[in-house]
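> Got a structure for you, questions after.
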Amino acid sequence: MPTSSADATSSQPAFLQVRDLTAGYGRDPVISGITMSADRGEIACVVGPNGSGKSTFLKALLGEIRVMRGSVTLDGREVANLPAHTLARLGLGYVPQVHDVFDTLSVGENLRIGAYLLTGREAGERIATVVERFPTLKPLLRRSAHKLSGGERKLVAIGRVMMLQPAVYILDEPTSGLSPQLTDQLLQEHVAALAKSGAAILLVEQKAKAALEISDRGYLLVAGRMRMSAAASEMLADASVAEMFLGQGPDEGQGPDEGQGPDEAGTPQRAEIGGQ
Ligand SMILES: Nc1ncnc2c1ncn2[C@@H]1O[C@H](COP(=O)(O)OP(=O)(O)O)[C@@H](O)[C@H]1O
Ligand SMILES: [Mg+2]
C-alpha cells in the first residue's frame, strides 16, 4: 500500500513525481508546496472542495501556467515548465473538465483529432482499439457530438486522449454532471480499466468518496495546500476527513453506503463535496 511517507522520502521517484510544487496565475501562488505521485497501473486521486486549487495544480503540471517552485518528473525526467505540446509527446494525456469535445464534429472526427501525431492508418487502428474499450461508441461514430448524452460525451473525451496511448492520464473531474449511477460506472469500469492497462492515473474529483473507492493513493487539497496524503483506503476510513469532505457529516445523514446503490432519480450525489 502506498503511504504518504513514500511521496516525500522515497529515494526512488514514482513514474509521475511532483515535489513541492508552487504555482499561480499572477505573482501570488494559488497552490503551494504540493507533493504527490502516481505510478503506472495506479490511480492517484486529488480531492478537495471547489476553489481549492485542483485545476490550477493540473494546469501547472500541464505547462499551462508557470511553475514558480518545485519539480515535476516523468519517468525520472524533469518536465516542469515544458510546453503543453511537448508534454503530450512525452506521454501526458489530459481530459479537461469542460470543452473536452468538439460539438460540431462527429464522434469519429473527435477521435481522429486526438491522433494528430499519428498517420491515418495508425489512427484507424487506434479508433478500433478505443471502440473495443468503449463499445457504446461503436454505433455513434458518425453521430454529431452535440447529440450525445453526458456519459457518452465523457467517453469520447477520454477516447480522444486514448488515441495517443499516453503513459499518464490526467482527468479533471470526469464525472461532473453525471448521475450517481453513471459516476460509478465511469469510475469503476472505465477509469479503473485505464489503470489496469498500465497507465498512471491522476484523477481530480469533487466526488471524493466515489473516486477514493477506486484509487490507490489519496490526496486532500484545501486552500492550495495538501492537507493529507495517504493510501486511499486510509483516507476513506479517516473519520475527520469523512466528516469534512466526504459528505458523511451530521448534515449529510444516511450512513456509509450513500452514493453506491441506485438512487431515486434526480437525487443529488450525496458523496459530493459541497460547492461554495
Ligand atoms: N485563470 C485564473 N486567473 C486567476 N485566478 C484563477 C484562475 N483560475 C482559477 N483561479 C483561482 O484559483 C483558485 C483555485 O481555483 P481552481 O484551481 O479552479 O480550483 P478547483 O479546481 O479546486 O475548483 C480560485 O481562487 C480561483 O479563483
Ligand atoms: Mg476545477
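The values are calculated or read from the model by the stated rules, or taken from the named source; none is laboratory data. Note that the structure is a prediction, hence the values are computed from the model and not measured. Because the Cβ atoms are built from the backbone with ideal geometry, glycine has one as well, and the counts that use them run over all protein chains shown.
> Any chance you could count how many residues in the range 11-55 are within 12 Å of ligand 2 (Cβ to nearest atom), buried (at least 21 other Cβ atoms within 10 Å of the Cβ) and polar (S, T, N, Q)?
Looking only at that region, the number is 1.
> Quick check on my filter: what residues within the range 182-209 are in contact with a Lys or Arg (Cβ under 6 Å, 6 or more places away or on another chain), part of a strand (DSSP E or B) and either away from ligand 2 (no atom under 16 Å from the Cβ) or at pLDDT below 95 (or both)?
Matches in the range 182-209: ALA200 only.
> When you scan the range 75-123, how many residues do you find that are farther than 16 Å from VAL161 by Cβ, in contact with a helix residue (DSSP H, G or I) (Cβ under 9 Å, 6 or more places away or on another chain) and outside any loop (DSSP other than H, G, I, E, B)?
3
> Of the conditions (1) among the hydroxyl-bearing types (Ser, Thr, Tyr); (2) touching a Gly at 6+ places or on another chain (Cβ under 8 Å); (3) surrounded by fewer than 17 Cβ atoms within 10 Å (Cβ to Cβ), SER71 clears all except one; give me its number.
Against the list (1) among the hydroxyl-bearing types (Ser, Thr, Tyr); (2) touching a Gly at 6+ places or on another chain (Cβ under 8 Å); (3) surrounded by fewer than 17 Cβ atoms within 10 Å (Cβ to Cβ), SER71 comes up short only on (2).
> Further question on the same structure: Looking at the range 132-158, which of the residues that are among the β-branched types (Val, Ile, Thr) and modelled with pLDDT of 95 or more is surrounded by the fewest Cβ atoms within 10 Å (Cβ to Cβ)?
ILE158
> Condition first: away from ligand 1 (no atom under 16 Å from the Cβ) and either on the phi > 0 side of the Ramachandran plot or at pLDDT below 95 (or both). Now tell me which residues in the range 164-181 satisfy that.
Within the range 164-181, LEU164, GLN165, LEU178, SER179, PRO180, GLN181 meet the criteria.
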